[in-house]
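Some notes on the structure that comes next.
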Amino acid sequence: QVQLVESGGGLVQPGGSLRLSCAASGSIFSISTIGWYRQAPGKQRELVALVAAIGSGGSTNYADSVKGRFTIARDNAKNTVYLQMNSLKPEDTAVYSCNARISVASGTIDKWGQGTQVTVSS
């Protein structure tokens, strides 16, 4: 069974940094697009950052609100994606979830992690 497990969330002061990790495990053939979403209380889930497969150019896409502050990167050898978050603001507070499109024996699946809480507060 394929799983995505996030880690690295926590409480940080405004202006601080955090690094989130999302590791995929199980019987995985390949991972194409993988990225991070977030959902704040009372708000819709929104895209934070995506990175395409290396074979598709490995292009990245960021929400305007995080451009210049967040960086997404993937390590294909480890089936892991990272989100480096710098200059954090209180409005970045949310549950951050990893999502990946994964090729398995039976086809392609869209998998979500359980989420990790990020709280930016003084």
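The values are calculated or read from the model by the stated rules, or taken from the named source; none is laboratory data. None of these values were measured; they are calculated from a predicted model. Cβ coordinates were reconstructed from backbone atoms using ideal geometry, including for glycine residues, and neighbour counts include every protein chain displayed. Side chains included, ligands, DNA and RNA excluded: accessible areas come from the protein's heavy atoms. Shrake-Rupley method; radii C 1.70, N 1.55, O 1.52, S 1.80 Å.
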Whole-percent pair-distance distribution, where bins are 5 Å wide, for the alpha carbons of the range 18-87: 4, 15, 27, 24, 18, 9, 4, 1
Within the chain, what whole-number % of the accessible surface is contributed by carbon and sulfur, with the 1.4 Å probe and all protein chains included in the calculation? 46 percent
Quick query: amide H of K89 versus all other amide H atoms, modeled in the peptide plane; which residues come in under 5 Å with a sequence gap of 5 or more or a different chain? G15
Per residue of the range 63-73, what does 6.51 cos²θ - 1.76 cosθ + 1.60 with θ = phi - 60° give for ³J(HN,Hα)? Whole Hz please, x for Gly and Pro, Karplus curve as stated. 5, 4, 5, 10, 4, x, 10, 10, 9, 9, 8
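Any chance you could count the Lys pairs in the chain whose alpha carbons are under 23 Å apart, treating pairs 8 or more apart or on different chains as valid? Numbers along the way, then the final one.
Numbers: K43/K67; K43/K89; K43/K111; K67/K89; K78/K111.
Lysine pairs satisfying the spacing and distance rule in the chain number 5.
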Contour minus Cα-Cα distance for S103 and S56 (0.36 nm per residue): 15.4 nm
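Could you give the size of the charge dipole of the chain about its Cα centre, using +1 on the Cβ of each K and R and -1 on the Cβ of each D and E, expressed in debye and rounded to the nearest 20? Kindly include the intermediate steps, with their values, before the conclusion.
Details: 11 positive and 7 negative charges, 11 e Å.
For the chain, the charge dipole is close to 60 debye.
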Mind listing the phi-derived Karplus ³J(HN,Hα) values for the range 34-44, rounded to whole Hz, using 6.51, -1.76 and 1.60 with θ = phi - 60°, and x for any glycine or proline? 9, x, 10, 10, 9, 9, 8, x, x, 10, 6
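Please calculate how many Å² of accessible area the chain carries per residue, with a 1.4 Å probe and no DNA, RNA or ligand atoms counted.
Working: 6410 Å² over 122 residues.
Heavy-atom SASA per residue in the chain reads 53 Å².
So between Q44 and Q114, what do we pick up on full extension, going 0.36 nm a residue minus the alpha carbon distance?
On the way: separation 70, 0.36 × 70 = 25.20 nm, distance 1.66 nm.
Gain on stretching Q44 to Q114: 23.5 nm.
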Once both label points are put 7 Å beyond Cα along the C-beta direction, the T71-Q84 separation in nm becomes 0.2 nm
